[in-house]
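The values are calculated or read from the model by the stated rules, or taken from the named source; none is laboratory data. Predicted, not measured: the structure shown is a model, and the values here were computed from it. A quick note on method: Cβ atoms are made from the backbone with ideal geometry, for glycine too, and the neighbour counts reach across all protein chains shown. Accessible surface areas use protein heavy atoms only, side chains included; no ligands, DNA or RNA. Shrake-Rupley method; radii C 1.70, N 1.55, O 1.52, S 1.80 Å.
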Amino acid sequence: MSPNSIVGSIYMIWEEKLGHLILKGIIQENTLRETVYDNVLFEHFLYKKIEQIEKDMGLQEHWCQNTPNKNEHVPCVQPLVLAFEQAITELNQLFGENYNEWQWHRVSAKVLPQLPFSKTPLRNIFERKSINGGNRRTINVGSFYMRQARDYMSTQASNLRFLVELDEKSYPLFMLDSGQSGNVFSKHYDDMLRMHEKGEYIEVVTGQDALKNLTNKIVLRN
């Protein structure tokens, strides 16, 4: 999914609204409802029901009877439509009526927490954010969980990327989503952040012959 995707923004918020509409009629407690929503098994249930509704627009089942009037029976397509209306309303509230402003990277960012400082007033010094270009089902994974996320912030992603070709003449490629240093005052604390966003990589030099030609070396001695 592209970070600039508008359709992706609409779909992801629609999916979240739909899940909560379905669960609201079954589970009243917010924390438990969010925990169930975040479970991968609920995701399979949700997709299965969407497929059933597509085949039978008049489908009526207990899980979709989330209406003020308990004696009223509505088709299960109603929560799908209502969730779409809620998604559009939320995007309007967040970014205005110009849908060109609804890109996914504006809705969801990847949060790189630094514990324990991310839970203190020093959060803005230690924590980093980067562009999120996916969700938990894309190759460029960027999962957000409603029970712990701030809005649609992604807290789990492909932090380490490592490409290896089984050829003696080629070098592995790698990239971290922040940097190699845990020291916030080091230039290497977050110097890989933008490279990771762009899908760039750094060559990992291996082999004695290649190492001899390096100009900068750190030698560890016992």
For region 201-220, pairs from a residue that is touching a residue at least 40 places away in the same chain (Cβ under 8 Å) to a residue that is surrounded by 10 or more Cβ atoms within 10 Å (Cβ to Cβ), with Cβ under 8 Å and 6 or more apart or across chains, are Tyr201/Arg161; Tyr201/Leu163; Tyr201/Leu173; Tyr201/Phe174; Tyr201/Met175; Tyr201/Met195
How many residues of region 1-12 are under 12 Å from the mean Cα position of the chain (by Cα) and not in a loop (DSSP other than H, G, I, E, B)? The answer is 3
When every residue in region 177-222 that is aliphatic (A, V, I, L, M) and either open to solvent by 80 Å² or more (accessible area, probe 1.4 Å) or in contact with a helix residue (DSSP H, G or I) (Cβ under 7 Å, 6 or more places away or on another chain) (or both) is compared, the one modelled with the lowest pLDDT is Ile218
Taking region 126-136 and keeping only residues that are more than 9 Å from the chain's Cα centre (by Cα) and either at pLDDT below 75 or open to solvent by less than 90 Å² (accessible area, probe 1.4 Å) (or both), one is left with Phe126, Glu127, Arg128, Ser130, Ile131
Asp151 fails exactly one of (1) surrounded by fewer than 10 Cβ atoms within 10 Å (Cβ to Cβ); (2) on the phi > 0 side of the Ramachandran plot, namely (1)
Listed by range, helices (runs of 4 or more DSSP H) wholly within region 28-124 having at least 1 residues that are in contact (Cβ under 8 Å) with a residue 60 or more places away in the chain and surrounded by 11 or more Cβ atoms within 10 Å (Cβ to Cβ) are 30-38, 77-95, 104-107
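Quick grid of which residues meet (1) within 24 Å of Ser108 (Cβ to Cβ); (2) not in a strand (DSSP E or B):
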{"residue": "Arg161", "(1), (2)": "yes, no"}
{"residue": "Phe174", "(1), (2)": "no, no"}
{"residue": "Asn183", "(1), (2)": "no, yes"}
{"residue": "Ser186", "(1), (2)": "no, yes"}
{"residue": "Tyr189", "(1), (2)": "yes, yes"}
{"residue": "Met195", "(1), (2)": "yes, yes"}
{"residue": "Glu200", "(1), (2)": "yes, yes"}
{"residue": "Val205", "(1), (2)": "no, yes"}
{"residue": "Leu211", "(1), (2)": "no, yes"}
Sole miss for Ser130 among (1) in contact with a strand residue (DSSP E or B) (Cβ under 6 Å, 6 or more places away or on another chain); (2) farther than 17 Å from Phe144 by Cβ; (3) polar (S, T, N, Q) is condition (2)
